[in-house]
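Colleague: Sharing a structure below in structure tokens format, with a few things to ask.
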Amino acid sequence: MRPKTPSPGPEWFGGVLGSKGWRRRVGAAFFVVACCARAAASAPSGNPAHGKKTPPPPAVAAEHPAGYLPEMAVVYDDVYRPPAKDLLLGQDAERKAESNARFMHGLLLEDASGGTDAQTEYLKALSLDPTNARLAVKVAWLYLAQGDTPAAVNLLKETTKAAPKQPQPYLALAYLYFSNLDKPAEAAKYAEQAVAIDPGSIFGYAYLREIYKAQGQEGKVPALLDRAAKADSKDAFFWLQLGALYAEVYLAQDPGKDGDALRKTTQVFQKALSFGGDDVDIIEKIADFFVATQQIAEAAPLYQRVVDIDPARNAARDSLARCYIALKQPDKAATALEDSIKQNPVQPHAYEALAEIYKDAGQEEKAIRNYEQSLLLNPGDVRGYEDLAKMLLRRSQAEHAVKVLTEARRRFPDLPGFTYLLGVALEENKQHQQALATMEQAEVDAQSTQPTMLDSQFYFEFGRVADQAGLQDKAADMFQKSLGLEDDPRMIAQTSNYLGYMWVEHDQHLDEGGDFIKKALEIDPDNGAYLDSLGWYYYKKNQFPQALEQLQRAVEKTQPADATVLEHLGDIYLKLNDTAKAVDAWKQALELDPQNPNVPALNKKIADTKAAAQAAPTPGPSAPPKS
């Protein structure tokens, strides 16, 4: 073993590592460990219970004298060697190290209990390292929370002297002078100093912009932003925030009114994009800016890039789909939404958007399925129920519409609009009495909760329901109410024609009904439905030549052809004893609408007319003219 060297005492450690705090404790610990190691090394080897040494292995005994005990590995060296000089901390580094230790201790105290203990540690840390600008700002904020603004200001000013190249204290002073002391001129001075120290930080510019705004000096802002735009920064966050400032200043009111402002703002966001790499947050925000400024073609590839990098980012997929919709590329929009649904099937808004795309594309069955899926996931979507029900009614799927609207009415009993639509759906489903009762309830509910719903369209539908329920007088009252509320000539014509035709069809108020039909034709003289009504009016008046003239015009103007018009035409031909043309018109009506509930009556008319024609005597040859 090596010769034993006396172990140094605690005072020697103090001279090398310092005489206070943890240095003494670490030195004492080393001293104790070294002493223990020396004692262990000098103790006899082997098992003390046998009182003899453990013999060496045979191979070792062959090479060494008898009694040799091999030296074992020393875990703790009993000889202290001073550290190399280049590893020793200088006094400045020691102070910073202790400052950091106290700062960490303060954080622990703040997390544990808060209060003045943490602040005391922070102040001790700051006294050891007054250049720690971030710590100074933290302590200043603690002063501010205690209502001691002067102490906060004094501390920050001292820090600007100790760390004149750090921008944080200047920014904090700018904030305090602006927000707490109401001295915008002083605040602007400190914000300018922060910008001068770090022109690549956005905060100084943002503070100055707010200060100028508060002082009514908005004219200084453009030059300020242009100065910021010249900064030599590769920080994407800086350019992103600067772009937001440009957008707030120039584009908030009208994104397209100032071409130069839009150009400058776009250039700033493009810089953010160039330095942002694959940061999807930055890319998506820039895409949002392009959408806000109606630069949709530029936004779409950015959203696509976001979803390529992060396929689970469904908000970007939705935005991408809306871009494609705006660009009139519904196929791409549908693909984007379907991909989004594959990533996350629980997205009611995606199904709703997809439904609208399919609706606009005329693929209404797909639209219906997506509306239903959207409502399954979001049963509180009022508009979804309304859109789905209207689409079902438009496609004559009345039974399905009744189910949807019954559920909507159950969920939203305070919305009379669903009661109204349910009445319409019940009528379309031939449930006439239920439809009438539902419309009456809708009127009562709307009078107390939503009187604006009781417009001309409501009373037109109410009149139609009452007519189908066999209450023509009530229907006439509803149509008259509708006409009294309507300003649109097209709606006036539609309602007038319906009222006139209803009276004519039921042989009620024939002349008055004819007047309403003629009023409709004054507004829309080439409307095939109105011409048919007028022809039917003449038919009821037994004025068959006039009726034929109007029905022939109605057939000509009705495209595509209408079964009811052709049936009326056949009836008039029969009155004019032209059975062949009558049968031909009725057959055309059957071909057009084989599901018409009036089919049995038409077939009977055809059969009866043919039978009557066969039973009639055949006229003999005409006598030759006299010479």
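Colleague: Among the residues of segment 226-245, what is the count of those that are outside any helix (DSSP H, G or I) and of a type outside the set (A, V, I, L, M, F, W, C)?
Modeller: 5
Colleague: Inside segment 327-360, can you point out the residues that are closer than 22 Å to residue 383 by Cα and among the basic types (Lys, Arg)?
Modeller: Of everything in segment 327-360, just one residue is closer than 22 Å to residue 383 by Cα and among the basic types (Lys, Arg), namely 359.
Colleague: Please go through segment 278-298 and give me each residue that is surrounded by fewer than 18 Cβ atoms within 10 Å (Cβ to Cβ), among the small types (Gly, Ala, Ser) and closer than 14 Å to residue 247 by Cα, ordered by number.
Modeller: Hit for segment 278-298 is 292, nothing else.
Colleague: Here's something else I'd like to know. Are any of the residues in segment 108-129 under 28 Å from residue 192 (Cα atoms), out of contact with any helix residue (DSSP H, G or I) (no Cβ under 6 Å at 6 or more places or on another chain), outside any helix (DSSP H, G or I) and at pLDDT 75 or above?
Modeller: no
Colleague: Moving to a separate point now. So which of 575, 581, 587 ends up being basic (Lys, Arg), assigned by TED's automatic domain parsing to the domain that holds residue 503, closer than 26 Å to residue 509 by Cβ and surrounded by 13 or more Cβ atoms within 10 Å (Cβ to Cβ)?
Modeller: 575
Colleague: Show me the helices (runs of 4 or more DSSP H) entirely contained within segment 293-406 in which 3 or more residues are more than 25 Å from residue 435 (Cα to Cα) and aliphatic (A, V, I, L, M). Please lay out each step first, then the result.
Modeller: Details: elements: 296-309, 314-326, 330-343, 348-360, 364-377, 382-394.
Answer list for segment 293-406: 296-309, 314-326, 330-343, 348-360, 364-377.
Colleague: Only one of these is modelled with pLDDT of 90 or more, touching a helix residue (DSSP H, G or I) at 6+ places or on another chain (Cβ under 6 Å) and within 25 Å of residue 213 (Cα to Cα): 280, 268, 306, 291. Name it.
Modeller: Only one candidate passes the filter, namely 268.
Colleague: Inspect segment 282-291 for any residue being of a type in the set (D, E, K, R) and more than 20 Å from residue 205 (Cβ to Cβ) and give the result as yes or no.
Modeller: Yes, segment 282-291 contains at least one residue that is of a type in the set (D, E, K, R) and more than 20 Å from residue 205 (Cβ to Cβ).
Colleague: So which of 613, 589 ends up being modelled with pLDDT of 85 or more and not β-branched (Val, Ile, Thr)?
Modeller: One residue alone meets the criteria, 589.
Okay, residues lined up against (1) closer than 20 Å to residue 450 by Cα; (2) in contact with a strand residue (DSSP E or B) (Cβ under 7 Å, 6 or more places away or on another chain); (3) of a type in the set (A, V, I, L, M); (4) in the same structural domain as residue 460 (by TED's automatic domain parsing):
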site: 379; (1), (2), (3), (4): no, no, no, no
site: 383; (1), (2), (3), (4): yes, no, no, no
site: 402; (1), (2), (3), (4): no, no, yes, yes
site: 411; (1), (2), (3), (4): yes, no, no, yes
site: 414; (1), (2), (3), (4): yes, no, no, yes
site: 417; (1), (2), (3), (4): yes, no, no, yes
site: 420; (1), (2), (3), (4): yes, no, no, yes
site: 425; (1), (2), (3), (4): no, no, yes, yes
site: 428; (1), (2), (3), (4): no, no, no, yes
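Colleague: Still on this structure, I have one more. Consider residue 199 carefully, then state whether it is over 39 Å from the mean Cα position of the chain (by Cα) and not in a helix (DSSP H, G or I).
Modeller: When the stated conditions are applied, residue 199 does not pass them.
Colleague: Return yes or no: is residue 547 closer than 23 Å to residue 432 by Cα and either in contact (Cβ under 8 Å) with a residue 24 or more places away in the chain or among the hydroxyl-bearing types (Ser, Thr, Tyr) (or both)?
Modeller: no
Colleague: Does residue 222 count as under 24 Å from residue 268 (Cα atoms), touching a residue at least 12 places away in the same chain (Cβ under 8 Å) and not in a helix (DSSP H, G or I)?
Modeller: Considered against the rule, which asks whether it is under 24 Å from residue 268 (Cα atoms), touching a residue at least 12 places away in the same chain (Cβ under 8 Å) and not in a helix (DSSP H, G or I), residue 222 comes out as no.
Colleague: Check whether at least one residue in segment 358-365 is at pLDDT 95 or above, surrounded by fewer than 17 Cβ atoms within 10 Å (Cβ to Cβ) and touching a helix residue (DSSP H, G or I) at 6+ places or on another chain (Cβ under 8 Å), and report yes or no.
Modeller: Within segment 358-365, not a single residue is at pLDDT 95 or above, surrounded by fewer than 17 Cβ atoms within 10 Å (Cβ to Cβ) and touching a helix residue (DSSP H, G or I) at 6+ places or on another chain (Cβ under 8 Å).
Colleague: Tell me the helices (runs of 4 or more DSSP H) entirely within segment 467-533 that contain at least 3 residues that are within 45 Å of the chain's Cα centre (by Cα) and crowded, with 17+ Cβ neighbours inside 10 Å.
Modeller: Per the criteria, 472-485, 489-505.
Colleague: Take residue 561 and tell me if it is touching a helix residue (DSSP H, G or I) at 6+ places or on another chain (Cβ under 7 Å) and in a loop (DSSP other than H, G, I, E, B).
Modeller: Taking the combined requirement at face value, the residue satisfies it.
Colleague: Tell me which residues, restricted to segment 435-445, are within 24 Å of residue 472 (Cβ to Cβ) and crowded, with 18+ Cβ neighbours inside 10 Å.
Modeller: Across segment 435-445, the qualifying residues are 435, 436, 438, 439, 442, 443.
Colleague: Here is a list: 191, 185, 152. Which entry is in a helix (DSSP H, G or I), hydrophobic (A, V, I, L, M, F, W, C) and either within 39 Å of the chain's Cα centre (by Cα) or under 30 Å from residue 272 (Cβ atoms) (or both)?
Modeller: 191
Colleague: With respect to the numbered conditions (1) of a type in the set (Gly, Ala, Ser); (2) modelled with pLDDT under 90; (3) in contact with a helix residue (DSSP H, G or I) (Cβ under 7 Å, 6 or more places away or on another chain), which one is the sole condition not fulfilled by residue 384?
Modeller: (2)
Colleague: What pairs can you find where one residue is in segment 598-627 and over 14 Å from residue 579 (Cβ atoms), the other is modelled with pLDDT of 90 or more and surrounded by 10 or more Cβ atoms within 10 Å (Cβ to Cβ), and their Cβ atoms are less than 8 Å apart, with a gap of 6+ or different chains?
Modeller: 598/567; 599/590; 602/567; 602/586; 602/589; 602/590; 603/590
The values are calculated or read from the model by the stated rules, or taken from the named source; none is laboratory data. Here the structure is a predicted model, which is why all the values come from computation and not from measurement. Here the Cβ is made from the backbone with ideal geometry for all residues, glycine too, and neighbour counts use every protein chain on show.
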